[in-house]
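The block underneath contains the structure these notes are about, expressed in structure tokens.
Rule-based calculations on the coordinates, nothing more; no lab input. Values in this document were obtained by computation on a predicted structure and should not be read as measured data. When we count neighbours, we look across all protein chains shown, and the Cβ atoms used for this are built from the backbone with ideal geometry, even at glycine.
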Amino acid sequence: MIKRLFGSNRRSPVGAVEMSASVGSVSMGSPVMTASGTAGHSVELGAYFDLRDTGAIVVKSLLHEPWAGNPAPRVHSTDAGMINSVGLQGPGVQGWIDHDLDPLITSGANIVVSIWGRSVAEYRQAAEMLEPVQGYLTALEVNVSCPNVEDRDRMFAHSVDATTEVLAATNAVSIPRWAKLSPNIADLVPIADAAQRGGAEAVTVANTLIGLAIDPETRKPRLGKGRGGLSGPAIRPIAVRAVNDVATALPDLPVIGCGGIMHGVDAIEFLLAGACAVQVGTATFADPRAVVRIRDEIELWCENHGVHELRSLVGALEI
């Protein structure tokens, strides 16, 4: 295993704006990360930009064992985004460690590993498998937006008790743990609070919205699994509202904003709502350089608006 040299990102501010960001104990040179599920498992986006220029590369969620995912078709474009039912296909934690981790370490990027499970025991197992390599990781994102087979396929993130239990079960690692939450619930605040009580240092708000796209000609769902997760600009106002709800109610809990960020000004919305950093996902399918482009657009916006320190925007919404 290649030894990682720790530190913040290589990139430093080139203009008049201090662009660093902090998510709890994690410091990053850029406030913009990739979103889990949209940047692959390793250095796939490295062909388009230096991965050190991101806040972090958040890898696609991993189960403790290899997982084939859902039947095709898995992705369908919508008027303002896309709906997908990929089904968290992946090589499993050990497969990822054996084949995908070393290239990421070599890239110099901050590495955030996302895990999922169908039961609390599976989350625990995935976290325990990462313990030997945790020294190379920046954080662990616990994706609780998954069906719970022990509770009739109800999402863990729809239950206060289940969310706390899952986060507590992943404490085998000593690195910061973030909880990725679902927006498919009326009030995220109790869930975010439950994640924090379970040991989450921050929460990612939020995952996709559940949707259904139908082909009128065939009268069948456009996705092989039926329903899927809606992402892209269509969900941004919902995600911004959810970020603001959590940041306002739980001011000591860092919030990472995610949902429909296509341009720098979109990220500014999330920061004003209370996010300390953001993740970009769907935008990378149209523009593989979106993460660094959006970072540069944020900096330019700040320069044009006399903002000298990005952190001054966090939670600066005026009502």
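Name the trypsin sites (Lys or Arg not before Pro) in segment 81-180 that are in a loop by DSSP and that have at most 11 other C-beta atoms within 10 Å, would you? Present the calculation step by step, with values, prior to reporting the outcome.
Numbers: sites: ARG118, ARG124, ARG152, ARG154, ARG177, LYS180; in loops: ARG118, ARG152.
Taking segment 81-180 and a limit of 11 other Cβ atoms within 10 Å, the loop trypsin sites (Lys or Arg not before Pro) found are ARG152.
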Quiz item: According to a simple spin-label model (label point 7 Å from Cα along Cα-to-Cβ), what is the distance in nm between GLN89 and ALA121?
Solution: 2.8 nm
Practice problem: Report the normalised scattering of segment 233-273 as log10 I(q)/I(0) at q = 0.17 Å⁻¹, calculated by the Debye formula with identical scatterers on the alpha carbons. | Solution: -0.38
Quiz item: Pulled fully out, how much extra length does the chain show between GLU128 and HIS99, if you take 0.36 nm times their separation in residues and subtract their Cα-Cα distance?
Solution: 8.6 nm
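Over all distinct Cα pairs, what is the inverse of the mean 1/r for the chain, reported as the Kirkwood hydrodynamic radius in Å? Can you show the working numbers first?
Working: mean 1/r = 0.0516 Å⁻¹.
In the chain this quantity evaluates to 19.4 Å.
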Exercise. For segment 15-160, state what percent of all Cα-Cα pairs lands in each successive 10 Å bin, counting from 0 Å until the bin that includes the largest distance.
Key: 10, 37, 36, 15, 2, 0
Practice problem: Only Lys, Arg, Asp and Glu count, each charged at its Cβ (+1, +1, -1, -1), so figure out the dipole size of the chain about its Cα centre, rounded to 20 debye. | Solution: 540 debye
Quiz prompt | Mean Cα-pair separation over length for the chain, i.e. relative contact order, pairs under 8 Å, 6 or more apart, % | solution = 20 percent
Quiz item: Rounded to the nearest 500, what is the chain's calculated 222 nm mean residue ellipticity when only DSSP H runs of at least 4 contribute -39500 (n - 2.57) each, over all residues?
Solution: -8000 deg cm²/dmol
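Counting other C-beta atoms within 10 Å, which of ASP102, ASP252, ASP245 has the fewest, and how do the rest follow?
Working: ASP102 15, ASP252 6, ASP245 18.
In increasing order of surrounding Cβ atoms, one gets ASP252, ASP102, ASP245.
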Practice problem: Treat the count of other C-beta atoms within 10 Å as a stand-in for reagent exposure and order VAL243, VAL144 from fewest to most. | Solution: VAL243, VAL144
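Taking the Cβ of each residue in ASP151, ASP215 as the centre, tally the other Cβ atoms inside 10 Å and list the residues starting with the fewest. Numbers along the way, then the final one.
Details: ASP151 14, ASP215 11.
With the fewest neighbours first, ASP151, ASP215 line up as ASP215, ASP151.
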Quiz prompt | Simple label model, 7 Å out from Cα along Cβ direction - ILE210 to LEU317, nm | solution = 2.5 nm
Practice problem: Only Cα pairs under 8 Å and at least 6 apart count here; give the relative contact order of segment 85-198 as a rounded whole percent. | Solution: 25 percent
Practice problem: Subtracting the Cα-Cα distance from 0.36 nm times the residue separation, let me have the gained length for ARG289 to ASP151 in nm, one decimal. | Solution: 45.7 nm
